[in-house]
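Before any comments, here is the structure.
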Amino acid sequence: MPAGLRIPRTAIRDNGVRIHRARLERGVYEIVKAGDPVLRLAARPLSSDEIQGEAIQQLIAAMAERMREAPGVGLAAPQVGVSVQLVVIEDRPEYIERLNDAERREREREPVPLHVLINPVLSVEGEKSAVFFEGCLSIPGYQGRVARARAVRVEALDERATPLTIRAHGWYARILQHEIDHLNGILCVDRMDLRTLTTLENYDRYWRAGR
């Protein structure tokens, strides 16, 4: 679907979707950056009728397109200016192929197919945690070390409003925690050891595994 997806205003209004006026006027979703108030709101849940309606279905398609263009492995609706409990996730094989062997092993990173989570509820499983450098599409150009639970369970609805349960560990668990944080107005910098904040250039130069 083209990046400049246009969403009918009537569909947005009828479904009660909160959206910035500027984005509504343009009808084009862009990834918002840190400092935009929408990133600090607690997003509202969606009803089954809303999920199956035209506005949310088109929003899902637009978010998947934006995520791939970025590129990224996850995107939450607040990151495109829409304060609803919706995330898309996809960790493509070609992203993982760019990592060296040490990074793949340490991160426990495997491909994750494209999927949608709506109204997710996350719980931590076990007591193990892991600390890795983490970035965000809403804070481009920077990374820092963030401690996350190694394993999680997520209860949510999919794009058809069907309940599903996900148990994840390793990097997939990290992605889930990062994106669901966005739905609660939390950014990765809130959980980051700020002494480790680095530009992507310096991450590659000084901190990347195996260097």
What is the one condition in (1) surrounded by fewer than 20 Cβ atoms within 10 Å (Cβ to Cβ); (2) under 21 Å from Val84 (Cβ atoms); (3) in contact (Cβ under 8 Å) with a residue 12 or more places away in the chain; (4) not β-branched (Val, Ile, Thr) that Pro163 does not satisfy?
-> (3)
Is it fair to say Ile19 is at pLDDT 55 or above and within 20 Å of the chain's Cα centre (by Cα)?
-> no
Across the range 190-211, what is the number of residues that are crowded, with 16+ Cβ neighbours inside 10 Å, in a helix (DSSP H, G or I) and of a type outside the set (Phe, Trp, Tyr)?
-> 1
Given (1) under 22 Å from His178 (Cβ atoms); (2) more than 18 Å from the chain's Cα centre (by Cα), number of the condition Gln52 does not satisfy | (1)
Look through Glu134, Glu110 and report the one residue that is touching a His at 6+ places or on another chain (Cβ under 7 Å), farther than 30 Å from Ser48 by Cα and in contact (Cβ under 8 Å) with a residue 40 or more places away in the chain.
-> Glu134
Over the range 80-98, the set of residues surrounded by 17 or more Cβ atoms within 10 Å (Cβ to Cβ) and either out of contact with any Phe, Trp or Tyr (no Cβ under 9 Å at 6 or more places or on another chain) or free of Cβ contacts under 8 Å to residues at least 40 places away in the same chain (or both) is Ser83, Val84, Gln85, Leu86, Val87, Val88, Glu90, Ile96
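One line per residue, one yes/no per condition, for (1) closer than 25 Å to Val82 by Cβ; (2) surrounded by fewer than 19 Cβ atoms within 10 Å (Cβ to Cβ):
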site	(1), (2)
Glu106	no, yes
Ile118	yes, no
Gly126	no, yes
Phe132	no, yes
Pro140	yes, yes
Val152	yes, no
Glu159	yes, yes
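The values are calculated or read from the model by the stated rules, or taken from the named source; none is laboratory data. Since the model is a prediction, treat every value here as computed from it, not as a measurement. Using ideal geometry, Cβ is built from the backbone for each residue, glycine included, and neighbour counts are taken over all protein chains shown.
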